[in-house]
Amino acid sequence: MEMPLHYLSNALVLAGIFFLFASALGVLRFPDTLSRLHALAKADNVALGCIVLGLMIRQPNALLALKLVLIWSVTQISSAASGFKLAQQIRARALREQRPGGESAP
Amino acid sequence: MNAGTLMDLILPLGLVVLAEIILRQRRAAEAVAQFMVFGLLMAVAWVRVDAPDLALTEAAIGSGVTGALLLAALRRIGPHREPTRPLPSPARLPVYTATLLLGGALSWALIELWSDPVSLTAAVDARLAESGSSNPVAAVILNFRAYDTFLEIGVLLLSALAVYTLAGSRGRRSLEEPGPVFQFYLSRLAPLFAIVALYLVWIGSRRPGGAFPAGALLSGVGVLVLLGASPWPLGLHRKVVRYLLVAGFGVFLFAGLWGGRYGAMLTLPPEQAKAWKLLIELACMLSIGFSFTVLFACCAGWLGDESGEGT
Amino acid sequence: MTPPPFLVELPVAVPMVLAVVWLLLPRRFARFLARPGALTAAVAVLPCLHWVWRHGPIRQPLGGWMAPLGIDLYLDGLSAFLMLFHACAGAAISFSAAGYFPGSDAADRQRTDLFWPLFFLVWGGLNSLVLSLDLFNLFVTLELIGIGGVGLILIRGDAGATRAAMEYLLQALVGGMLFLLGAALMYSRTATMDLHLIAEMLTPDPVLNIGLALILAGLMVKAALFPMHFWLPPAHANAAAPVSAVLSGLVVTAAYVVALRLWYAGFHQLAPMMLPPILSVLGCLGIVWGGAMALRQDRLKRLLAYSTVSQMGYLFLVFALASEALPGQGWVWAGAVYMAVSHGLAKAGAFLAAGRLQTAYGSDRLSALAGAASTHPLAVMMLALSGLHLMGLPPGAGFAGKWILLMAAMAKDQWGIAAFILLGGLISAGYTVRAVEACLRPAESPIETAPVRAPMFPILILVLAPFVIGILLEEAGVLLSIGAPVDFSEFPMPGGLR
Amino acid sequence: MNPQLVYALAGAWICAIGLRGFMGEVDTFRRILGANLLGSGIFLVLVAVARRAPDGPPDPVPHAMVLTGIVVSVSGTALLLALLARLHEEHREEGEGNE
């Protein structure tokens, strides 16, 4: 019974790392700020979710697992709030500038 | 070559390279972002070197508060600051020689030092029972070298007071009205951070924690409230502001004078030590949190003196 | 005879209690705390002085933990003498500052009132700096004084005060960090931060040399020795007069005293052969450079700031002159302390006098001060008297210090250093005469001057104090010899030491 | 050569880079970052030195010193940044004033 759980947690952590890599790639490659913000918020949360799940399997007792979930939920809330505020600022700046090209400064 | 030693090679090398990259950044905003990453990597380094207390404090203060201060000041300086013209080449020679000299001499001295590790671990463990806390670092901070911590809280109080002499800056609050999402976030997380801060202070005497990371957490709450709420009244003529600022230093001084009766200043008799230290840590947490909030407000230019004409 | 429980910590605790009480009091009562508070802080030193004079040095372990683990305060002749200096200068500056910062409207009053908590905390820090024996504790105290000094500079400073304060803080921070790096190396070799314990374990080994070099580099930045002094003139010239008096008189001297205490605690065996000559060369260059720049200044406060740089150059000569060869070289050590204290007192008095002239005439430009001698004769006389101490003319303590350094230089036939000492005296005579002559020139048209509310007697006390020390030189020598790390067998003054 | 020496050497070179940043840069903002790096380097050296003993708990005294050092260096940095921001505001006002 021990080994399959071991492999499962390794697999989950690896998946998390892959998502992290994907989000980093997204931030570098996407053209404008809003889509980069999108990549950052979405992929990071999924990655952290996978890693937390993978680690929870390894925890000796339930309290540590609960703390990991708490970490993940606080990150989830704060990235949502900061993502919203960032988007608000970017949109406000884009409206202010109203350049014909509409290209918002990063 | 297991993963641990591999990481112990990559992390220090990464820190050194990142330090050089930070200074070579063309735009200041990128330099600040990388400086915050540097702070977090440093926190990981503290964990690898068996210093959990420092990891907490470095992550909370080193990258959190310092990052917030850098960003706040940057907003007023202009984030796209190019470095002004670099030093003329003849002036760079002494700088580079001094740098290499310092780096080389330090590395050589450290290699020389590594052979015989001398430390005070035994001396601290011997007297740990009398100090009223089982976490050795908390014992050293609040008992054996309490005078250092007392003066350091004085340094923080001084920098907060010094910032008020700078006040009266007409920083314009150009932030839009905080949206409902931010209000929701603020109303849920601020109490959570406060509870975690209190937990850190409470657990401080047994496991890594203590007043400094807790204070930094509180300053995070303060910064959030500053970002969210309308201009917060921080004028020094308000009684609550003055009391919060001086709480840590005042309680520490009072405890020191109270201890003076037992022979020397800052003597905490073993039976009362635990109670006194909890009181001191709570007061220091409040003072550290509030002082960093005031420092953030001044860097952001919101510390106008509301004695009549506000910002 | 065990000392009373709270004796050593009193001069540190009283100013800090005053700062806390100032912050807790409602605004309208806080202003009445200034003068009585300064007096209590000054009087708090007398019991220590009395105890040291009768019973000798005390080593007070703070918190009851002994040296390697805890931090010790060490009350000896030198620290009692310097705390007396801090008390006298601090009280005089407080009485003068109470009149200097009237602060008319509310906003201005709120900021100038901040002078008092900052000043009391810096005062407590200075007393702690002189008492402490722990390297890391010295680092934290130096930072406390540095950041307090920056806060003081910003209180009603002139236009360039913000930039000067920033440069001062940058240098103070990095100087402190170099000091901490040196202390870290010392700790990693000897597992203690206590000066006397390190001194006992001192085997000349290269790691401790590097540590000492870093510590001295940090202290040289903070004491504004020649190559690292560029932050000092703008900072001291742009601050308000009482603040410049605190910075130039007390803070710079305290950083020097830490270097003196380190050197004589036994670290001089550690120093590599070429360190003392480097320090003396830098000292001589500092004397000439500071003096030459002072001669060229057109503003009085800037002239006095450069004079501080020049005088600090003098003080660093003592490291080259104090070597084992000299029999009973305690008096060289005492000579340096006399010079440091007389410079601190005279410079504080000079800055306060310059402040009076600046408020009266609206600017401290020498060309604008013509006719000052007729309208403000006492202030100009104070300026002249303090210049006299800088020159080192008898019977002041400045003269005693310079005379001792001169004789030590000749005894070790360091003729170069002796020549520079005399040259420095000539240069300081030059810029003093230049400043006083500018005030003596008759004004073309009678200028109405603004009323000056700061009292005159504090400046009188500050300028006359070095004379008092000069007269009581033997008692001062006996006081300094208590618990001193050097022997005083051949005190060269007439009558020597009983 | 146990792993902690690598951290100590890294700390030494971060100090060197921080000092170069402080002395070598002209822009004050970079100099403040350099001073902070110098501080972090010193703290890394101090804590790595505390971990020299191969076994047993690390030496708590340098840990306490670094905790104090971090708060001192951050309060110094905060005051520096407030001064720098204020300086830029004064220049901008002068700029607007005499244009």
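The values are calculated or read from the model by the stated rules, or taken from the named source; none is laboratory data. These numbers come from a predicted model, not from an experiment. Counting neighbours? That spans all protein chains shown, and the Cβs are built from the backbone with ideal geometry, glycine included.
Being in the same structural domain as residue B:217 (by TED's automatic domain parsing), in contact with a helix residue (DSSP H, G or I) (Cβ under 7 Å, 6 or more places away or on another chain) and modelled with pLDDT under 90 is the requirement here; does residue B:130 meet it? Criteria met by residue B:130. The residue list C:484, C:409 contains one member that is of a type in the set (A, V, I, L, M, F, W, C) and either within 30 Å of residue C:296 (Cβ to Cβ) or part of a helix (DSSP H, G or I) (or both), which is C:409. Do you know which residues across the stretch B:235-293 are at the interface with chain C (Cβ under 8 Å from one of its Cβ atoms) and of a type in the set (Phe, Trp, Tyr)? Across the stretch B:235-293, the qualifying residues are B:243, B:249, B:262.
Is it the case that the stretch B:197-211 has a residue that's facing chain A (nearest Cβ under 10 Å) and in a loop (DSSP other than H, G, I, E, B)? Let's see the steps before the verdict.
First, the residues of the stretch B:197-211 that are facing chain A (nearest Cβ under 10 Å): none.
No, because not a single residue in the stretch B:197-211 is facing chain A (nearest Cβ under 10 Å) and in a loop (DSSP other than H, G, I, E, B).
The helices (runs of 4 or more DSSP H) found entirely in the stretch B:44-159 that carry 2 or more residues being closer than 25 Å to residue D:19 by Cβ and within 18 Å of the chain's Cα centre (by Cα) are B:52-57, B:66-77. Is it the case, given these coordinates, that residue C:406 is farther than 21 Å from residue C:359 by Cβ and free of Cβ contacts under 8 Å to residues at least 40 places away in the same chain? Yes; evaluated as a whole, the condition is true for this residue. Would you confirm whether or not the stretch C:281-302 contains a residue that is under 18 Å from the mean Cα position of the chain (by Cα), under 30 Å from residue C:112 (Cα atoms) and crowded, with 23+ Cβ neighbours inside 10 Å? The answer is yes; a qualifying residue exists. Here residue C:78 does not fit the description of being of a type outside the set (D, E, K, R), free of Cβ contacts under 8 Å to residues at least 40 places away in the same chain, more than 14 Å from every other protein chain (Cβ to nearest Cβ) and crowded, with 20+ Cβ neighbours inside 10 Å.
This table checks each residue for (1) β-branched (Val, Ile, Thr); (2) surrounded by fewer than 24 Cβ atoms within 10 Å (Cβ to Cβ).
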{"position": "C:68", "(1), (2)": "no, yes"}
{"position": "C:73", "(1), (2)": "no, no"}
{"position": "C:82", "(1), (2)": "no, no"}
{"position": "C:93", "(1), (2)": "yes, no"}
{"position": "C:109", "(1), (2)": "no, yes"}
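Whether any residue in the stretch D:12-31 is over 22 Å from residue B:117 (Cα atoms), among the aliphatic types (A, V, I, L, M) and outside any helix (DSSP H, G or I) is what I want to check. Yes, some residue in the stretch D:12-31 is over 22 Å from residue B:117 (Cα atoms), among the aliphatic types (A, V, I, L, M) and outside any helix (DSSP H, G or I).
How about the stretch B:202-216: which of its residues are hydrophobic (A, V, I, L, M, F, W, C) and buried (at least 24 other Cβ atoms within 10 Å of the Cβ)? Spell out the reasoning first.
Within the stretch B:202-216, the first condition is being hydrophobic (A, V, I, L, M, F, W, C), and the residues that meet it are B:202-203, B:211-212, B:214, B:216.
The answer is B:211, B:212, B:214, B:216.
For the residues D:32, D:42, the requirement of being more than 7 Å from chain B (Cβ to nearest Cβ), within 12 Å of the chain's Cα centre (by Cα) and under 15 Å from residue B:77 (Cα atoms) singles out D:32.
Only one entry in C:228, C:220, C:177, C:193 is hydrophobic (A, V, I, L, M, F, W, C) and within 11 Å of chain B (Cβ to nearest Cβ), namely C:193.
Residues in the stretch C:57-89 that are within 24 Å of the chain's Cα centre (by Cα) and small (Gly, Ala, Ser) were compared, and the one that is farthest from residue C:2 (Cα to Cα) is C:89. Residues in the stretch B:2-22 that are surrounded by 17 or more Cβ atoms within 10 Å (Cβ to Cβ) and facing another protein chain (nearest Cβ under 7 Å): how many? Selection size over the stretch B:2-22: 6.
Could you tell me which of the residues C:400, C:429 is more than 17 Å from residue C:290 (Cβ to Cβ), under 23 Å from the mean Cα position of the chain (by Cα) and modelled with pLDDT of 85 or more?
Details: C:429 fails: more than 17 Å from residue C:290 (Cβ to Cβ).
Step by step, each of C:400, C:429 is checked, and only C:400 is more than 17 Å from residue C:290 (Cβ to Cβ), under 23 Å from the mean Cα position of the chain (by Cα) and modelled with pLDDT of 85 or more.
Could you count how many residues in the stretch B:257-288 are in contact (Cβ under 8 Å) with a residue 60 or more places away in the chain and either closer than 23 Å to residue D:70 by Cα or not assigned by TED's automatic domain parsing to the domain that holds residue B:161 (or both)? Residues that pass the stated criteria total 11.
Of everything in the stretch D:1-16, what is farther than 16 Å from residue C:173 by Cα and within 7 Å of another protein chain (Cβ to nearest Cβ)? Give them in sequence order. Write out each step before concluding.
Kept after step one, since they are farther than 16 Å from residue C:173 by Cα, are these residues of the stretch D:1-16: D:1-14.
Matches in the stretch D:1-16: D:3, D:4, D:5, D:6, D:7, D:8, D:9, D:10, D:12, D:13, D:14.
When you scan the stretch C:260-282, do you find a residue that is part of a helix (DSSP H, G or I), more than 24 Å from residue C:189 (Cβ to Cβ) and of a type in the set (Phe, Trp, Tyr), even just one? Within the stretch C:260-282, not a single residue is part of a helix (DSSP H, G or I), more than 24 Å from residue C:189 (Cβ to Cβ) and of a type in the set (Phe, Trp, Tyr).
Tell me the residue from C:30, C:41 that is under 22 Å from residue B:154 (Cβ atoms), more than 9 Å from chain B (Cβ to nearest Cβ) and more than 26 Å from the chain's Cα centre (by Cα), please.
Working: C:41 fails: more than 26 Å from the chain's Cα centre (by Cα).
Answer to the check: C:30.
Checking B:253, B:245 one by one, the residue that is in the same structural domain as residue B:209 (by TED's automatic domain parsing) and closer than 30 Å to residue C:3 by Cα is B:253 and no other. For the stretch B:23-40, the set of residues classified as in a helix (DSSP H, G or I) and facing another protein chain (nearest Cβ under 10 Å) consists of B:23, B:24, B:28, B:29, B:31, B:32, B:34, B:35, B:38, B:39, listed by residue number.
State the number of residues belonging to the stretch B:186-201 that are surrounded by 22 or more Cβ atoms within 10 Å (Cβ to Cβ) and of a type in the set (S, T, N, Q). Qualifying residue count for the region: 0. For the stretch B:186-231, a residue qualifies if it is among the β-branched types (Val, Ile, Thr) and within 21 Å of residue A:72 (Cβ to Cβ), and the qualifying residues are B:195, B:196, B:221.
Of the residues C:270, C:285, C:275, C:279, which is at pLDDT 90 or above and out of contact with any strand residue (DSSP E or B) (no Cβ under 8 Å at 6 or more places or on another chain)? Walk me through it before giving the result.
On the way: C:270 fails: at pLDDT 90 or above; C:275 fails: at pLDDT 90 or above; C:279 fails: at pLDDT 90 or above.
Among C:270, C:285, C:275, C:279, only C:285 is at pLDDT 90 or above and out of contact with any strand residue (DSSP E or B) (no Cβ under 8 Å at 6 or more places or on another chain).
For the stretch D:32-56, a residue qualifies if it is of a type in the set (D, E, K, R) and surrounded by fewer than 22 Cβ atoms within 10 Å (Cβ to Cβ), and the qualifying residues are D:52, D:55. Checked against (1) facing chain B (nearest Cβ under 7 Å); (2) over 13 Å from the mean Cα position of the chain (by Cα); (3) surrounded by 24 or more Cβ atoms within 10 Å (Cβ to Cβ), residue D:62 meets all criteria but (1). Restricted to the stretch C:6-17, and to residues there that are more than 9 Å from chain B (Cβ to nearest Cβ) and buried (at least 24 other Cβ atoms within 10 Å of the Cβ), the residue that is nearest to residue C:115 (Cα to Cα) is C:15. The set of residues from the stretch D:66-78 being closer than 17 Å to residue B:55 by Cβ and at the interface with chain B (Cβ under 7 Å from one of its Cβ atoms) comprises D:66, D:67, D:68, D:70, D:71, D:74.
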